[in-house]
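Enquirer: Take this structure first; my questions come after.
Any read-out appearing in this document is the output of simple, stated calculations on the displayed coordinates, not a laboratory observation. Nothing here was measured: the structure is a model prediction, and the numbers come from that model. Ideal geometry is used to build each Cβ from the backbone, glycine not excepted, and the neighbour counts take in all protein chains shown.
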Number of protein chains: 2
Amino acid sequence: MIRLTGATVLTPDVEHPQGVLCMDGKRIVYAGPAAGAPPAAPDDEVVDLPGRAVIPGFVNPHTHLAMQLMRGIADDVALQPWLQEHIWPVEERMGEEGGALEQHVLAGSRLALLEAVAAGVTAVNDMYMAMDRVAEAIGEAGIRGVITRGIVGHTDPERRKLRLGRELYERWQGAYGGRIQVALGPHAPYTCSMDYLGEVAQAAHDLGARIHIHLAETHQETADLAAQGLTPAHVLLDSGLSRQHVIAAHYVAPAESDFALLEHMHVGIAHCPISNLKLGCGFAPVARLREHGIPVGIGSDGAASANVLDPFLGMKAAAWMAKGNSQDPTQLPARTVLRMATYEGALALDLNDVGLLAPGYQADVVVVDLRATHLQPVFDVFSALVYTATARDVERVYASGKLIYQEGRHLAVDREAILAEARGAAERVTQQALRS
Amino acid sequence: MIRLTGATVLTPDVEHPQGVLCMDGKRIVYAGPAAGAPPAAPDDEVVDLPGRAVIPGFVNPHTHLAMQLMRGIADDVALQPWLQEHIWPVEERMGEEGGALEQHVLAGSRLALLEAVAAGVTAVNDMYMAMDRVAEAIGEAGIRGVITRGIVGHTDPERRKLRLGRELYERWQGAYGGRIQVALGPHAPYTCSMDYLGEVAQAAHDLGARIHIHLAETHQETADLAAQGLTPAHVLLDSGLSRQHVIAAHYVAPAESDFALLEHMHVGIAHCPISNLKLGCGFAPVARLREHGIPVGIGSDGAASANVLDPFLGMKAAAWMAKGNSQDPTQLPARTVLRMATYEGALALDLNDVGLLAPGYQADVVVVDLRATHLQPVFDVFSALVYTATARDVERVYASGKLIYQEGRHLAVDREAILAEARGAAERVTQQALRS
C-alpha cells in the first residue's frame with residue numbers, strides 16, 4: 001500500500017489538512033483525515049508531503065494530441081484561413097493511415113503526453129487519425145484515455161472512416177487493463193449529414209460505444225442548424241446518437257431549448273475555454289449548463305489552436321472568462337473550477353470511477369507543491385490551486401496507483417527519445433525550421 | 001561588458017536568431033545580429049545561451065505590491081463585499097503610517113517582488129501607503145519603480161495625504177541612481193472631487209511629477225461621471241491633471257469621445273486583464289486605444305484581486321480576452337502583446353529609456369529558456385513567449401545591467417528571510433492561519 005501523509009487532501013470539496021491518502025494496487029482505499037485512516041502496515045510505502053495538496057488527476061475531455069507537432073505555426077489568424085492555409089496542408093503532409101501518418105501521430109501524441117502528464121493530467125479524450133498509435137502512446141504513458149477516430153461524413157461515401165472507427169473499437173476497447181476506452185467520433189453536425197449520423201448512432205449502439213462530437217462550436221453552426229429547424233441538442237436526439245453516452249465538445253452557441261434536453265440525455269460537455277477565446281468563437285454557457293446538472297469538464301483542444309494542454313491554465317481561463325463575460329465575480333468559484341477540471345471531466349467522459357479521491361476510485365492522484373515562493377501566502381488551498389499554481393508546481397503524478405512523474409522526471413517513458421523523435425517529425429510535417 | 005550570445009534576441013519586433021546583446025554598466029550598448037556586434041574584449045563576460053530568448057524586462061504599470069499579504073483571502077466575491085468585508089478590515093489591522101504599517105508594507109512588498117522578479121519584471125508602478133518602505137523594497141531588489149502614495153480625497157479634509165505624497169516625492173524622486181520615480185496618486189474620480197483633483201494637479205505641476213490614477217474602473221463610474229456631464233478623459237483635462245504625464249489604470253468603461261482626447265493628452269493606460277476579468281468589471285478597449293497610438297501596458301493590479309503578478313499570465317489573459325470579446329482572433333497578435341508587456345508599459349509610465357533592447361536603453365534584460373519540454377516544438381519565438389511560456393521559464397534577470405536572478409536563485413535579496421517575515425506579517429494582518 002502507498003500512503004501519502006502530511007498533505008492537504010481534497011475529497012473533493014472538503015479539505016483535510018494533514019490528511020492521508022492510501023492506494024492499494026490501482027485503487028484508492030482511503031482519503032480523508034489522518035484519524036480515520038487504516039492502520040499502517042510494515043511494508044507500506046509512506047511518503048510524507050507537508051506543504052503539498054493531494055488532488056485527483058486532471059481529466060482533459062477534448063483534445064487532439066498529435067496536433068502538438070503544429071504548436072505555434074499559425075496563431076492570430078481567423079478560423080477558416082487557419083484551417084485551409086495552415087492546418088490542412090500540414091495534415092496532408094503527415095501521410096496516410098498505414099503509412100507515414102502512423103509515425104507522425106505517434107511522435108506528436110507522445111510529445112503531447114509529456115506536457116500533459118507533467119501538468120497532472122491522467123485522463124484524456126482524443127479525436128484524430130491513426131488512433132492505434134494514440135492508444136499506444138496513452139498506454140505506455142500509463143494514463144487512461146477515451147480515443148476516437150474522427151469521422152467527416154461528407155468525405156466518406158464508402159463508409160471507410162466509420163469502418164475504421166468500428167475496427168478501432170474492436171482492437172482497443174478495454175486495452176491496457178481497461179485504461180483505453182473507444183468512442184465513435186462523428187466530427188460535427190456541419191461535416192456529417194443527419195443520415196450519416198444515424199448510421200454512426202446505430203454502429204455505436206451495436207458496439208455499446210460512447211460518442212465524441214464537436215457541437216455548437218460556432219454561432220454560425222447553430223444558426224445553420226436553426227435554418228434546418230434543428231438545434232444542437234436535437235441533432236443528438238433526432239439522429240439517435242443520444243442513445244449512447246455523448247461527449248459534446250465546445251458548445252459555445254446554445255439554443256435556448258437545449259438545456260433541458262442536454263440534461264435529459266445526460267450529455268457531457270467538454271468546455272475548451274482557451275481555444276474558444278483564442279479563436280474568438282464565443283463563450284460556453286457554463287453556469288447555465290451546470291445549473292441543469294450537466295457535467296462540464298475543462299478541455300484543452302489541440303495545441304495547434306490552444307498552444308497548451310495545461311489544466312492550470314485551463315482552470316484560470318475558465319474562471320476568468322465566466323466571471324468576465326457575466327460581469328459576475330461569484331460565478332465559477334475556485335472549488336467549482338477544480339471540480340470541473342477533475343470530477344466533472346470524468347463524468348462528462350462517463351468514466352465513473354475516476355476524478356475523485358474516494359475509496360474504490362482509480363488511484364489517479366496528483367501531488368502539488370504549495371511551498372513555492374510564487375504561491376505565498378497560501379490561506380486557501382482551492383484558491384492557490386486554481387488562481388495561482390502552475391503546472392510546474394506538480395511534484396508527483398500517480399496513474400492507476402503507479403508513480404509516473406516525479407519532480408521533473410518522467411518515469412514511464414523516455415523523454416529524450418520522445419523529444420528527438422518529435423522534433424524531427426515536427427520539422428518534416430510543417431516544413432519549418434525549429435527555433436529552439 | 002556583459003555579452004549574451006547564441007540566443008534569439010528580440011529588438012523588439014524583429015528577431016535575431018543567434019543574436020548578440022551587450023551591456024556595459026547600466027546600459028545596453030548593442031542588440032542585434034552577431035555580425036554587427038562590437039568586437040569582443042578579453043575581459044568581457046560572455047554568456048552563451050543557445051535555445052533561449054533574450055527580451056526586455058517586463059514592465060508592470062499598475063500594482064499594489066503590499067497586498068501580496070492578502071493573496072487568496074477573498075476570491076469569488078463581488079467588488080463591494082470584497083472591499084468592505086475583506087480588504088478594508090485587513091488594512092485597518094495593518095496599522096498606521098509611522099507605526100506597524102511600515103513593517104507590514106515592507107514585508108508584503110518584498111514578498112511581491114520575489115514573485116515579480118522571478119517572472120522577469122524589472123519595473124513596477126505601485127500605489128499604496130507607507131511608500132517609503134515600497135521604495136526601499138524596490139531599491140534593494142535592484143529593479144526600478146514609479147511609486148505613489150494613494151490619495152483618497154474624500155477622507156482628506158486637511159490635505160494630509162496630499163502632503164505625504166509631496167514629501168514622498170521630495171525624499172525619493174531619483175533615488176537609487178534614478179531607479180525610483182515618484183508620482184502623485186489621486187486614487188480615482190469617485191474618491192476625489194474635481195476641486196481636490198485640481199489641487200493635486202497643481203502640486204504635481206509644481207513638483208514636475210507624474211500622475212497615477214484609477215480611471216473608468218467600472219461602468220458605474222463612467223455612468224456617474226456622465227450624469228455630471230463628464231467623461232473619464234475630461235476629468236483629467238478639466239482638473240488640470242493632464243498637464244502632467246498621466247498613467248490611468250483599468251479604463252474598462254470608455255466614453256466614445258475619450259479616445260482622441262486621451263491620445264492628445266499622451267495618457268498611458270495600464271490594462272489589468274486578470275483583475276478586470278476576475279472582478280467582472282468589463283473589458284478595456286485595448287485595440288481601439290492602440291489604434292489611437294495610446295500606449296497600453298499590461299498590469300497585474302494587486303495579488304488580493306488578481307492573485308498573480310506574473311506577466312506571462314497577464315499576456316495570455318490580455319490576448320485571450322481581446323480575441324474572445326471581439327470574436328476576432330487577429331486582435332492583439334503575439335508580437336503586439338509582448339510589446340505591450342514591455343515597451344508600451346514603459347511608455348505608459350513615461351520611462352523613455354526602458355522596455356526595448358536597443359543601444360542607450362537601460363540594461364533591464366530577461367533570458368527565457370525555450371528548451372523546456374512543455375514548449376516544444378518552438379517554430380515562432382513570439383508565440384512561444386506569449387502563448388506557451390510561463391514565469392518558470394525565466395532563467396536570468398538583469399536589472400540596470402546587474403544579474404539579480406538566475407535559475408531560481410535571487411541574488412540581490414535574502415529569499416528565506418523575506419518569506420519568513422512575510423508569513424508572520426500575513427497571518428498577523430489577516431488573522432488567518434496559513435495552509436502551507
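Enquirer: In terms of modelled amide H atoms, which long-range or inter-chain residues lie less than 5 Å from the amide H of B:Phe379?
Expert: HN-HN under 5 Å from B:Phe379: A:Arg435.
Enquirer: Helix B:311-326 versus the longest principal axis of chain B: what angle, 0 to 90°, nearest 10, using Cα atoms?
Expert: It is inclined by approximately 70 degrees.
Enquirer: Partner chain Cβ atoms within 10 Å, averaged over the residues of A:65-77 - can you pull that number for me?
Expert: Per residue, the average neighbour count from other chains is 5.
Enquirer: How high is the relative contact order of chain A? Use alpha-carbon pairs under 8 Å, at least six apart in sequence, and give a whole percent.
Expert: Here the relative contact order equals 20 percent.
Enquirer: Any idea how far the Cα center of the stretch A:43-108 sits from the one of the stretch B:143-211, in Å?
Expert: 51
Enquirer: Defining the label point at 7 Å along Cα→Cβ, can you sort the distances from B:Pro81 to the same site in each other copy, shortest first, in nm?
Expert: Reported distances to equivalent positions: 4.7 nm.
Enquirer: OK, next. What are the residues whose amide H is under 5 Å from the amide H of B:Val121, where those residues sit 5 or more places off or on another chain and H is modelled from the backbone?
Expert: Answer set, sorted by chain and number: B:Phe58.
Enquirer: Something else: In B, who owns the beta-carbon nearest the axis carrying B over to A, and how many Å from it?
Expert: Rotation axis B onto A, closest Cβ, rounded to whole Å: B:Arg392, 2.
Enquirer: Just give me a number: lysine pairs in the protein assembly as shown, eight or more positions apart or cross-chain, with C-alpha atoms less than 16 Å apart.
Expert: Total qualifying Lys-Lys pairs in the protein assembly as shown comes to 9.
Enquirer: Rg and Dmax in Å for the protein assembly as shown, alpha carbons only: what are they?
Expert: In Å, with Rg to one decimal and Dmax whole: 27.1, 85.
Enquirer: Please compute, for peptide B:414-422, the average count of beta-carbon atoms on other protein chains lying within 10 Å of each residue's beta-carbon.
Expert: So the per-residue partner count for this stretch is 1.
Enquirer: With axes computed from alpha carbons, what is the tilt in degrees of helix A:131-141 against the longest principal axis of chain A, rounded to the nearest 10 within 0 to 90?
Expert: Approximately 10 degrees, to the nearest ten.
Enquirer: I'd like the antiparallel share, as a percent to the nearest 5, of DSSP beta bridges with both residues in the protein assembly as shown.
Expert: Of the beta bridges lying entirely in the protein assembly as shown, close to 45 percent run antiparallel.
Enquirer: Could you tell me whether the stretch A:58-348 comes out rounded, prolate or oblate from its Cα gyration tensor? Rule is a ≥ b ≥ c as square roots of the eigenvalues, rounded for a/c under 1.5, then prolate if a/b exceeds b/c, otherwise oblate.
Expert: Rounded, since a/c falls under 1.5.
Enquirer: To the nearest 500 deg cm²/dmol, what mean residue ellipticity at 222 nm is calculated for the protein assembly as shown from DSSP H runs of n ≥ 4 alone, each contributing -39,500 (n - 2.57), summed and divided by the residues?
Expert: Result for the protein assembly as shown: -10000 deg cm²/dmol, rounded to the nearest 500.
Enquirer: In addition: Report the trypsin sites (Lys or Arg not before Pro) located in the stretch A:103-167 that are in a DSSP loop and have at most 15 other Cβ atoms inside 10 Å of their Cβ, or state none.
Expert: none
Enquirer: Put a point 7 Å out from Cα along the line to Cβ at B:Gln432; what are the distances to that point in the other copies, in nm, shortest first?
Expert: Counterpart label points of B:Gln432 in the remaining copies fall at 4.3 nm.
Enquirer: Treating the point 7 Å from Cα along Cα-beta-carbon as the label, what are the nm separations from A:Pro17 to the other copies, to one decimal?
Expert: Shortest to longest, the spacings are 5.3 nm.
Enquirer: Expressed as an acute angle from 0 to 90° and rounded to the nearest 10, what is the orientation of the C-alpha long axis of helix A:100-118 relative to the principal long axis of chain A?
Expert: That helix lies at roughly 30 degrees to the long axis.
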